[in-house]
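Here is the structure we will look at, set down as structure tokens.
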Amino acid sequence: MTGPGSPAPIRVVVVDDERPARAKLRRLLGDEPGVEIVGEADSGRRAVEVIRSLEPDLAFLDVQMPDMDGFAVVAALGESSPAIVFVTAHDDFAMRAFEIHAMSYLLKPVGPARFRETFARVRARLDRREDGAPPAPAGAEYVERLLLPDGDRSVFVRVDTVDRIEADRNYVVVHAGDRKYRLRSTIDRLSSRLDPSRFLRANRSTIVRIDAIAEVQPWFHGEYRLRFADGAGVVWTRTYIERSPASVLGLRR
């Protein structure tokens, strides 16, 4: 119960086509102060009805449902969509979730520690909205972490630990320190979600983190070769020099 002067509770809707999954999310949310679960839905179509009717602040939304998936629910809601946390057993949807500015992404089975961490981050972002912070313009909210496959699990990797990303047909290889991760995505898709003040598109198949570049060497035909601490080299081609903020590296075109 909120007292005088207390902030209004965060009004939440839980959506999943499996009853045990909804019950688990309700239990986890029940451990969080200042939360009111105002409704739930067991299908995508029902989710649209419930969310439109109740206008919650936040929805925990299953991605895969038989009648209408979570992305279709968000599309149907349009500008009336609340903040979204996607919940799914599959990590293949992570990049798509971030592309539509989901607040976060939880992998099933959802553990208490991971839930608390995610919810604290979501609560902070919702609080900033309540404080009147202006919304970021479309496309300006860049990802701070990538969900990457690592054997039989997936891990979150902060983008400030990534050195470079290379295309590999329908996949990309993410180099982060001495680790490599292979993700089903495209260079174009990732490029649009990474902050251009921190990441540089070096050529058609490679993105590099600017602060990870150890040396910049003049190359042939007005191009540059970018060297990294692990000895790898990437050519920054003329086409992408013209498209990139070369001033970030103090280079003259």
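The values are calculated or read from the model by the stated rules, or taken from the named source; none is laboratory data. All values reported here derive from a predicted model rather than from experimental measurement. Reconstructed Cβ throughout: ideal geometry from the backbone, glycine too, with neighbour counts over all protein chains shown.
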> Can you pull out the residues in the stretch 171-224 that are β-branched (Val, Ile, Thr), under 17 Å from Arg158 (Cα atoms) and within 18 Å of the chain's Cα centre (by Cα)?
Replying inline: Val172, Val173, Val174, Ile207
> With Gly78, Gly70, Gly39 as the choices, which residue is small (Gly, Ala, Ser) and over 24 Å from the mean Cα position of the chain (by Cα)?
Replying inline: Gly39
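Considering only residues that are of a type in the set (D, E, K, R) and surrounded by 12 or more Cβ atoms within 10 Å (Cβ to Cβ), look in the stretch 205-227 and name the one that is nearest to Ile241 (Cα to Cα).
Selected residue: Glu223.
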>> Filter the stretch 43-92 down to the residues that are crowded, with 18+ Cβ neighbours inside 10 Å, modelled with pLDDT of 90 or more and among the acidic types (Asp, Glu) and list them by number.
In response: Asp57, Asp62
> Counting just the residues of the stretch 156-175 that are part of a strand (DSSP E or B) and without any contact (Cβ under 8 Å) to a residue 24 or more places away in the chain, which one comes out surrounded by the most Cβ atoms within 10 Å (Cβ to Cβ)?
Replying inline: Val172
> Which of the residues that make up the stretch 115-131 are closer than 13 Å to Ala102 by Cα and at pLDDT below 80?
Replying inline: Arg125
>> Given the options Arg198, Arg243, Arg204, name the one that is touching a helix residue (DSSP H, G or I) at 6+ places or on another chain (Cβ under 9 Å) and at pLDDT below 90.
In response: Arg198
> So, in the stretch 55-70, of the ones that are in a loop (DSSP other than H, G, I, E, B) and among the hydrophobic types (A, V, I, L, M, F, W, C), which residue ends up farthest from Arg26 (Cα to Cα)?
Replying inline: Met68
>> Quick check on my filter: what residues within the stretch 156-181 are farther than 15 Å from Thr206 by Cβ and either charged (D, E, K, R) or out of contact with any strand residue (DSSP E or B) (no Cβ under 6 Å at 6 or more places or on another chain) (or both)?
In response: Arg158, Val159, Asp160, Asn170, Gly177, Asp178, Arg179
